[in-house]
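Below is one structure; the comments refer to it alone.
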Amino acid sequence: MQSFSKFSLTLIIVLSIVFGVHIFILYQLDLPLFDNRIIAAYLVNCSLALGIYFSLFLLKNKMSEQIGFLYMGGSFVKFLFFFIFFYPYYKLDGGLDSLEFAAFFIPYVISLILETLGVIEFLKK
């Protein structure tokens, strides 16, 4: 469980810092700070990464041969969330602009990188 606690703390701290930098950049560019469901995007990506990591952590001994497939399934779940909950909102104005893209995919990529590193770490043990 120490691995999950370490991962959770790291993920939350890193995403908080990235969120702060993201908001700061929007502020510096005089762009809307909390549009494009940015808060929801960070929270959803963090929650999904925690849930996927925890599930893989619990299944690592029982299904060690299938962890890669389960991990890919977790990524599929993240894309489903995007296409069900975010994409329709982003398409309301006719297209997906760069601010909308960044609002979702910055936390997505950061959580994906940390999730990958975390899974690699516990699989090495």
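The values are calculated or read from the model by the stated rules, or taken from the named source; none is laboratory data. Only a predicted model underlies this, so the values are computations on that prediction, with no experimental measurement involved. Ideal geometry is used to build each Cβ from the backbone, glycine not excepted, and the neighbour counts take in all protein chains shown. Remember, those area values only see protein heavy atoms, side chains included, never the ligands or the DNA or RNA. Shrake-Rupley method; radii C 1.70, N 1.55, O 1.52, S 1.80 Å.
Of the residues Asp35, Asp30, the single one that is modelled with pLDDT under 95 and farther than 22 Å from Gly118 by Cβ is Asp35.
Within the stretch 106-125, the set of residues being under 15 Å from Ser16 (Cα atoms) and aromatic (Phe, Trp, Tyr) comprises Tyr108 only.
Taken over the stretch 109-125, the criterion of being of a type in the set (Ser, Thr, Tyr) and modelled with pLDDT under 95 is satisfied by Thr116 alone.
Here's the yes/no breakdown for (1) in contact with a helix residue (DSSP H, G or I) (Cβ under 6 Å, 6 or more places away or on another chain); (2) of a type in the set (A, V, I, L, M); (3) open to solvent by 60 Å² or more (accessible area, probe 1.4 Å); (4) not in a helix (DSSP H, G or I):
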{"position": "Phe57", "(1), (2), (3), (4)": "yes, no, no, no"}
{"position": "Glu65", "(1), (2), (3), (4)": "no, no, yes, no"}
{"position": "Phe69", "(1), (2), (3), (4)": "no, no, yes, no"}
{"position": "Ile84", "(1), (2), (3), (4)": "no, yes, yes, no"}
{"position": "Pro88", "(1), (2), (3), (4)": "no, no, yes, no"}
{"position": "Leu96", "(1), (2), (3), (4)": "yes, yes, yes, yes"}
{"position": "Leu112", "(1), (2), (3), (4)": "no, yes, no, no"}
{"position": "Gly118", "(1), (2), (3), (4)": "yes, no, no, no"}
{"position": "Phe122", "(1), (2), (3), (4)": "yes, no, no, no"}
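Look at the stretch 88-104: where a residue is of a type outside the set (S, T, N, Q) and a partner is open to solvent by 20 Å² or more (accessible area, probe 1.4 Å), sitting 6+ places away or on another chain with Cβ atoms under 6 Å, you get Tyr90/Leu96; Leu99/Asn36; Glu100/Asn36; Ala103/Asn36. Looking only at the stretch 37-54, residues that are open to solvent by 60 Å² or more (accessible area, probe 1.4 Å) and either acidic (Asp, Glu) or touching a helix residue (DSSP H, G or I) at 6+ places or on another chain (Cβ under 7 Å) (or both) come to 2 in all.
In the stretch 1-36, which residue that is open to solvent by 100 Å² or more (accessible area, probe 1.4 Å) and not in a helix (DSSP H, G or I) is nearest to Asn61 (Cα to Cα)? It would help to see each step written out before you state the result.
First, pick out the residues of the stretch 1-36 that are open to solvent by 100 Å² or more (accessible area, probe 1.4 Å): 1-2, 6, 9, 17, 24, 27-30, 34.
The next check asks that each one be not in a helix (DSSP H, G or I); those that pass are 1, 29-30, 34.
On the way: Met1: 14, Leu29: 48, Asp30: 50, Phe34: 41 Å.
Out of the qualifying residues, it is Met1.
Within the stretch 98-109, how many residues are within 16 Å of Leu26 (Cβ to Cβ) and either touching a Leu at 6+ places or on another chain (Cβ under 8 Å) or open to solvent by less than 60 Å² (accessible area, probe 1.4 Å) (or both)?
Here is the first cut: in the stretch 98-109, the ones within 16 Å of Leu26 (Cβ to Cβ) are 98-107.
Checking which are either touching a Leu at 6+ places or on another chain (Cβ under 8 Å) or open to solvent by less than 60 Å² (accessible area, probe 1.4 Å) (or both) leaves us with 99-100, 102-105, 107.
Selection size over the stretch 98-109: 7.
Leu92 satisfies every condition listed in (1) at pLDDT 90 or above; (2) farther than 20 Å from Gln2 by Cβ except (1).
The set of residues in the stretch 37-55 that are of a type outside the set (A, V, I, L, M) and assigned to a helix (DSSP H, G or I) comprises Tyr42, Asn45, Cys46, Ser47, Gly51, Tyr53, Phe54, Ser55.
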